[in-house]
Each structure stands twice: as structure tokens, then as C-alpha cells.
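Asker: Please read through the structure below; I'll follow up with questions.
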């Protein structure tokens, strides 16, 4: 059985991977999220992504902000 932390690591990896692929910093992601009407500060964003504990909705918001159209895991 897959541990919960394995799924959290995958979620974290998806966001970090897309950020790295596009060369987007946390500060830039905060700005991109704000363009979608999502209020987030850089410190909180870093913590969420670092822990990998966030909702599926937040994952989709990040991917939309980053312009991601495919998810591989």
C-alpha cells in the first residue's frame, strides 16, 4: 500500500518540477497566482509546497498559473 507521504511527495514534485522546468521562482508563482485571483504570500507558498500538504484544488491552481497542460507522475 502506498503511504500518504508518498502521495505528498508526488504532489510536491509535480509543483516543483513544473516550476523548475519553466524557471519560475516562488515569488514569480505568487504573482502568477495573484493574476488568477488567488492570494498567497511567498513564505506560505514555500511552506505548502515543501510539506506537499495542499488540496487538489491548490495543485490545479498552481498548474494553471504555471500554464501546465500535462501532468506526469
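No value in this document is a laboratory result; all are computed from the given coordinates. The model shown is predicted, which means the values in this text are computed figures rather than measured ones.
Asker: What percent does the relative contact order of the chain come to when contacts are Cα pairs within less than 8 Å and at least six residues apart?
Answerer: 44
Asker: Follow-up. What is the spread of the Cα atoms of the range 4-66 along each of their three principal axes, largest first, in whole Å?
Answerer: Projected onto the principal axes, the Cα atoms of the range 4-66 cover 31, 22, 19 Å.
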